[in-house]
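Below: one structure, written as structure tokens.
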Amino acid sequence: MQTTLLGLAIAVILALLSALVGPLFVDWNDYRAEFEREASRLVGLPVRVSGAIDLRLLPTPSLQLNGVRIGKPGDDALQARTLGIEIALGALARGELRASQVALGGPQLTLVMAKDGRIELPAGAFGFDGTTLAADHLNVEDARLILVHAASGGRHVLDKLWFRGDVRSLAGSFRGEGAFVVGAELFGYRVSAARQGGGDIKARFSLDRVERALSVEGDGVVAWEADAPKFEGAVTFSRAAGTVLAGGRAVAHEPWRLTSRLTARSVAVQFEQIEFQYGADERALKLGGRADLALQDRIRLDGALSAPQLDLDRLVATQGSARRTPYQAVVMMAESFGEVLRPPFPVRLTVGIDSMTLSGSPLQAFHGDLSTDGAAWRLDRMAFRAPGLTEVALTGRAGAAATALRFDGTADVNSANPRQLLAWLEGRDFSGEAGFAKTLHLNGSVTLSGTAVAVERLKAEIDRKALTGRLAYVWPAGERKARLEAALTAAELDLDALLEFGKVAYGGGRMERPGEIALALEIGRARFGGIEAQNAQVRLTYDQSGLAVQRLSLADLGGASLEASGRIDMTSQVPRGNIALDFDGRDLSGLSALVARFAPAGAQPIRRVLDRLGSARLKAHLDVGEVAATGGPHSRLALEGRSAGLRFSLTGGLTGSGTDLWGNRVSLDVQADADDGAQFFALAGLALPGGHSAGAGRVSVTIDGPLDGEMRLRGNAVSSLLEVKTDGRVRLFTENGLAGTFDVSVDKAAFGALLGIPAGDGTMSAKMSVSG
């Protein structure tokens with residue numbers, strides 16, 4: 001008996017020793033075929049193990065496989081670098097296959113969404129019952145998941161994916177968390193699922209786009225419909241008010257949140273009862289609506305959003321107190337929305353807002369049909385009512401330019417009060433604007449950016465007078481001056497209305513008067529300063545290169561005609577060139593009216609001279625070069641003209657800096673001859689005493705000195721009746737006009753004869769002051 005018991009004890013000890021030590025001396029790679037055959041039977045697909053195999057029974061049964069591939073030869077198989085399994089002893093004793101620990105290293109899987117919307121595994125369907133397999137703890141490290149959308153050809157790669165959690169059943173009960181990288185961005189996720197009666201799965205999930213503070217949360221039920229999954233529940237998309245980047249830098253964002261009821265199938269996703277809030281609660285924009293996301297042929301989102309009222313000004317008010325232009329406010333909104341305005345797939349969206357406050361004024365009946373290909377937004381149709389009883393309709397593309405928002409498309413504007421419209425566009429209060437009496441209709445191809453606004457193929461009506469061509473205005477930047485370009489054609493045009501329109505535009509301070517101009521105008525009949533002009537043609541440019549007048553022609557300006565051409569080159573250190581002018585004033589009343597309306601006070605005496613001349617013809621020639629002695633800039637003006645029996649000429653020079661006009665030195669020499677000296681008395685507003693004849697006469701005047709200072713004036717007037725000499729100082733441009741003090745000397749005998757009194761011989765002198 002003792003021998004039997006001793007032998008049994010020795011057998012048990014040897015069995016235990018064999019179980020503990022035996023596996024260390026067994027090369028399990030020799031059993032590779034058996035492992036692959038049994039794994040293939042469990043999975044239902046060929047399983048190949050290319051690396052080392054390690055099996056341990058104690059202290060816990062465990063298996064380590066290296067280089068695992070699942071799938072038929074030639075398939076893009078599911079593969080893993082390592083697979084480690086620890087089997088739960090208690091479950092195994094009950095006949096259950098349960099893993100206490102599963103560790104998967106470096107797995108790679110490709111999922112394909114077929115054109116019919118079904119999800120295809122690369123190697124086909126697995127052949128096991130997932131309810132029989134479970135893992136208390138599952139760890140996945142360094143995984144790669146490739147998602148392919150067959151219809152669109154889209155391909156998304158999730159790298160460095162990891163997961164830690166519990167898998168009670170591969171058929172639907174599990175929970176865990178992890179992260180992955182797409183491109184260079186990190187995404188975190190959490191997921192849990194519980195199998196319910198009838199085979200449905202209750203699921204909760206969240207996805208965080210870490211660096212951009214974006215997150216998605218969902219809660220619902222996954223069911224099977226025609227062998228395809230369907231999710232029904234609620235989903236929330238949101239962006240937090242800020243985030244801290246990996247380097248520790250804090251970044252602030254404008255928060256937003258979108259909630260919706262969701263029905264998701266493999267071919268489409270429906271969003272119902274959408275509530276979208278943008279901004280903090282106390283100043284948020286809120287819209288509601290619905291949307292459909294198509295997944296089958298190509299990914300595309302179609303949606304509709306609406307709101308009874310929105311206040312965009314409240315949203316941008318925290319970034320400063322000054323009122324912004326509508327363009328600036330829209331740019332700030334676009335920058336604030338960020339990723340919301342750059343979806344990764346095509347979107348078509350309809351937006352309807354009854355009233356929307358922008359730049360201090362409500363826009364009424366806003367309606368927009370928008371679409372995007374992911375790069376830029378297209379305004380298929382946008383219409384609204386703006387200040388000044390204005391109807392606006394836009395069609396085109398809007399997107400980010402190099403420095404700001406850019407719009408390229410067509411615009412149609414009808415305004416009954418353009419003055420109020422311009423004040424609103426410039427961010428000014430227009431409540432006190434008296435109104436601009438001329439209606440405006442504008443249609444054309446518009447390009448709007450942070451640097452310029454241009455209208456091509458312009459068709460406009462100002463007070464029902466048609467105008468066509470193009471307009472462009474470039475905002476100043478750094479040393480670059482504001483630039484205006486215009487190429488316009490009109491059969492009839494009210495230039496007074498157009499100038500008033502421009503005065504309003506430049507008077508608000510937002511737009512600077514242009515320092516560079518390029519004009520090409522053809523106008524059949526125009527009204528300017530209350531005077532009618534016929535057949536006006538203008539071709540001129542003024543910029544850093546100089547002034548170029550290809551043609552300046554007026555066939556009739558209130559009874560006068562004008563022709564001018566020439567060029568002044570300013571590319572060199574000293575300007576060079578010439579301008580020629582030919583003026584035929586058959587009737588000077590129109591020119592006199594323009595001087596009265598537009599010329600400064602100091603030029604008003606010219607108007608009186610024009611009225612007394614009645615008519616005149618003159619030729620003028622302006623030469624710009626340099627003074628040989630100093631090498632400095634110099635301009636010379638030569639003018640010749642005649643009016644009835646009066647002949648006159650003017651030669652003048654301007655010497656000094658080309659950048660400081662008023663500081664230049666001016667010299668003028670005016671000569672005039674008359675067949676009847678009485679004409680000079682008439683031009684001065686004097687009448688000869690009865691019975692006297694002045695005979696032929698001559699007047700000469702010279703002026704020399706700084707244009708903005710006191711100038712020396714000398715004059716001499718001679719006729720058979722009287723001789724007068726003057727010498728003094730004069731300022732041409734003062735607040736009240738011409739001002740000066742002169743010494744005047746008159747021949748006594750001639751003066752006495754003129755007055756009919758004896759005056760003796762010699763000369764008579766006096767001091768005279770002139771003002772105004």
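A compact table of results
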read-out	value
Residues within the stretch 217-237 that are in contact with a strand residue (DSSP E or B) (Cβ under 9 Å, 6 or more places away or on another chain) and either surrounded by fewer than 16 Cβ atoms within 10 Å (Cβ to Cβ) or charged (D, E, K, R) (or both), tallied	11
Search result, residues across the stretch 250-267 that are without any contact (Cβ under 8 Å) to a residue 24 or more places away in the chain and either closer than 15 Å to residue 235 by Cβ or more than 29 Å from the chain's Cα centre (by Cα) (or both)	257, 258
Any chance residue 446 is surrounded by 18 or more Cβ atoms within 10 Å (Cβ to Cβ) and farther than 20 Å from residue 500 by Cα	yes
From 590, 566, 602, residue being open to solvent by less than 50 Å² (accessible area, probe 1.4 Å), at pLDDT below 80 and under 25 Å from residue 654 (Cα atoms)	602
Cβ pairs under 6 Å, 6+ apart, first in the stretch 561-572 and closer than 12 Å to residue 541 by Cα, second surrounded by fewer than 18 Cβ atoms within 10 Å (Cβ to Cβ) and basic (Lys, Arg)	565/551; 569/576
Failed condition for residue 358, given (1) at positive phi; (2) open to solvent by less than 30 Å² (accessible area, probe 1.4 Å); (3) at pLDDT 85 or above	(1)
Hits in the stretch 733-772 (condition: under 60 Å from the mean Cα position of the chain (by Cα), part of a strand (DSSP E or B) and either loosely packed, with under 13 Cβ neighbours inside 10 Å or modelled with pLDDT under 75 (or both))	733, 734, 737, 738, 769, 770, 771
Single residue of the stretch 449-460 satisfying the filter (crowded, with 16+ Cβ neighbours inside 10 Å and farther than 19 Å from residue 515 by Cα) that is farthest from the chain's Cα centre (by Cα)	460
Answer residue from the stretch 118-141, given it is among the charged types (D, E, K, R) and under 23 Å from residue 87 (Cα atoms) and is modelled with the highest pLDDT among those	141
Test: residue 170 is in contact with a helix residue (DSSP H, G or I) (Cβ under 8 Å, 6 or more places away or on another chain) and either open to solvent by 60 Å² or more (accessible area, probe 1.4 Å) or modelled with pLDDT of 70 or more (or both)	yes
Some residue of the stretch 491-501 being within 24 Å of residue 379 (Cβ to Cβ), modelled with pLDDT under 85 and not aliphatic (A, V, I, L, M)	no
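Let's see how each residue does on (1) at pLDDT 60 or above; (2) in contact with a Leu (Cβ under 6 Å, 6 or more places away or on another chain); (3) surrounded by 12 or more Cβ atoms within 10 Å (Cβ to Cβ):
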| residue | (1), (2), (3) |
| --- | --- |
| 26 | no, no, no |
| 30 | yes, no, no |
| 48 | yes, no, yes |
| 68 | yes, yes, yes |
| 85 | yes, yes, yes |
| 96 | yes, no, yes |
| 108 | yes, no, yes |
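Let's see how each residue does on (1) free of Cβ contacts under 8 Å to residues at least 24 places away in the same chain; (2) in a helix (DSSP H, G or I); (3) open to solvent by 50 Å² or more (accessible area, probe 1.4 Å):
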position: 269; (1), (2), (3): no, no, no
position: 274; (1), (2), (3): no, no, no
position: 277; (1), (2), (3): yes, no, no
position: 282; (1), (2), (3): yes, yes, yes
position: 289; (1), (2), (3): yes, no, no
position: 293; (1), (2), (3): no, no, no
position: 301; (1), (2), (3): no, no, no
position: 306; (1), (2), (3): no, no, yes
position: 316; (1), (2), (3): yes, yes, no
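The values are calculated or read from the model by the stated rules, or taken from the named source; none is laboratory data. All figures in this text were calculated on a predicted structure; none of them were measured in a lab. For neighbour counting, all protein chains shown are included, and Cβ atoms are generated from backbone atoms with ideal geometry for every residue, glycine included. Keep in mind that these areas ignore ligands, DNA and RNA; they rest on the heavy atoms of the full protein, side chains included. Shrake-Rupley method; radii C 1.70, N 1.55, O 1.52, S 1.80 Å.
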